[in-house]
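The next block holds one structure in the form of structure tokens; read it before the comments.
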Amino acid sequence: IYADPAKRLELYFRPKDPYCHPVCANRFPTSTMLLRVRRRTKKKQQLDPEEQIQPEVQFEMEILGIVTTVYKFQGMSDFQYLAMHSGPDGKQTSMYDKVLMLKPEKEEFFNRDLPLYIPPPIFSRLDTPVDYFYRPDIQHREGYNNPQVSGENLIGLSRARRPHNAIFVNFDDEEIPTKPLDAAVQNWKKVCTNPVDKKVEEELRKLFEVRPVWSRNAVKANISVHPDKLKVLLPYLAYYMLTGPWRSLWVRFGYDPRKHPEAKIYQVLDFRIRCGMKYGYAATDMPVKAKRSTYNYSLPITVKKQGSHTVSVHDLKQGLGSAGTSGAKKPPSSRYKLKESVYIFREGALPPYRQMFYQLCDLNVESLQKIIHRNDGTESECTERDGWCLAKTSDDLRDSMSLMIKQIIRSTRPALFSNTTSTEDGKEQLAYESGEDEDDEEEEEEDFKPSDGSENEMETEILDYV
């Protein structure tokens, strides 16, 4: 907890009780001293039995060090929930020995008849009192109807999402759009108010002329444009593929990759770095970090998060995509650009994240390109799973890329790979051996920092446009 300033110190009143809810302490800087105080009492020799002699007391003080951080418990304690059952006579009976499995049990343990025990699904999210500021129901004018929303489980929406007017296409759709929606044109015209925006639009047009299919990360790595402006610009020049071998990619209007065999180089590959005992290294041994993990999840009551800057239409009109704020370190030409590693795979370099979405043309390794082009000139059918490539081409690419990743990790951490055996198919099977200190691991991981702004999951742009 001390190593992470964003976390709070938790105190469990019953440490062995998994149902115990903790109280949290806030972290504060301080400048105090830690003292060791000894109290020595020396009894004087008593000559007269009737005389009362006070013992001699001495104090010794020693400064052990300086304290720079303290934790203070300032919040309220939440309800403590016990696994108990109330009998007919009102007597409380503990159920811990019935609901907690502390050792391997036989089938009879799971087939016993037990009273119904349902723990609370969630405890309080806050431990400090706040004012709710209840507001009355909004009284709309007569004849007003709430806007239509998509989805069956949306709760509490007062308005529909602001659409960016993107056109979505499934692999099974017969026709593809040849021009943007009128609303998308109006949106971009409203935002495009300075010469820099015009320049960005021309740059993106040129990209789509050179290559008709792009991922959003690839665009971000080639053009310096504010993300909020890119949301408006992409639907103006391209449509979005939802399914098939070009899923999560933006395709130039009028171009149908299903009718052009040469479009197979633009197909997407979902690549995830393999880890586990059978691959020779565990997830904690990889110098590539996951973007998010349930193990590192911090509760909402941890620390106050900084409020994100809300981008308004006024900001976009003032050229937020180019000029930006004053005092920025990066020049305007590259302020919003991502690193090439967010969309290009090269031999000898590790991906920035454990899950990446590459286009086949961005796999800059000769052996991988040979796998992709095995059926050049003989493409007969475009399938939803493999596109214009041979069947299981994606599997072959993942196997080859995984072997390259193993070689990189082996060269970086040879202690993990002490035993190397050869399997029947000629591929290496690396035995796992842990023998490194955590400090060494942290030093290695500092050399493999992910690119700023990268997105490793399947592109979630669809949420921005519907």
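Here are some notes:
- Per DSSP, loop GluC sites (Glu not before Pro) in the stretch 12-59 with at most 14 further Cβ within 10 Å: E50, E51
- For L35, the solvent-accessible surface with a 1.4 Å probe is about 80 Å², rounded to the nearest 10.
- Here M33 sits with roughly 120 square angstrom of accessible surface, probe radius 1.4 Å.
- A Förster radius of 25 Å, combined with the Cβ-Cβ distance separating R346 from A3, puts the computed FRET efficiency at roughly 0.15.
- On a per residue basis, the stretch 1-67 carries 87 Å² of accessible surface, using protein heavy atoms and a 1.4 Å probe.
- Alpha-carbon centroids, the stretch 393-407 and the stretch 62-82: separation in whole Å: 50 Å
- Spin-label pair E51/E174, simplified geometry with 7 Å Cα→Cβ offset, distance in nm: 12.1 nm
- Lysine pair number, Cα distance threshold 17 Å (strictly under), the stretch 1-116, separation 8 or more or different chains: 4
- At R0 = 60 Å, FRET efficiency that the Cβ-Cβ distance of S367 and Q58 yields, to 0.05: 0.15
- Overall, the accessible surface of the stretch 171-264 at a probe of 1.4 angstrom is composed of carbon and sulfur to the extent of 51 percent.
- Highest to lowest packing among 89-95, 267-273, scored as the average C-beta count within 10 Å: 267-273, 89-95
- Label-point separation in nm, E10 to F79, each point 7 Å along Cα→Cβ: 2.0 nm
- Gained length - E379 relative to L35, 0.36 nm times residue gap less alpha-carbon distance: 115.8 nm
- The gain in end-to-end length when the F133 to K106 segment is fully stretched comes to 4.3 nm, 0.36 nm per residue minus the alpha carbon separation.
- Residues K199 and F123, FRET efficiency given R0 of 60 Å [Cβ-Cβ distance, rounded to 0.05]: 0.70
- Cα convex hull, the stretch 1-122: 328 Å³ per residue, rounded to a whole number.
- Per-residue surface analysis assigns R252 an accessible area of about 70 Å², computed on protein heavy atoms at 1.4 Å probe radius.
The values are calculated or read from the model by the stated rules, or taken from the named source; none is laboratory data. Because the structure is a prediction, the values reported are computed rather than measured. Reconstructed Cβ throughout: ideal geometry from the backbone, glycine too, with neighbour counts over all protein chains shown. All accessible areas refer to the heavy atoms of the entire protein, side chains included, with ligands and DNA or RNA removed. Shrake-Rupley method; radii C 1.70, N 1.55, O 1.52, S 1.80 Å.
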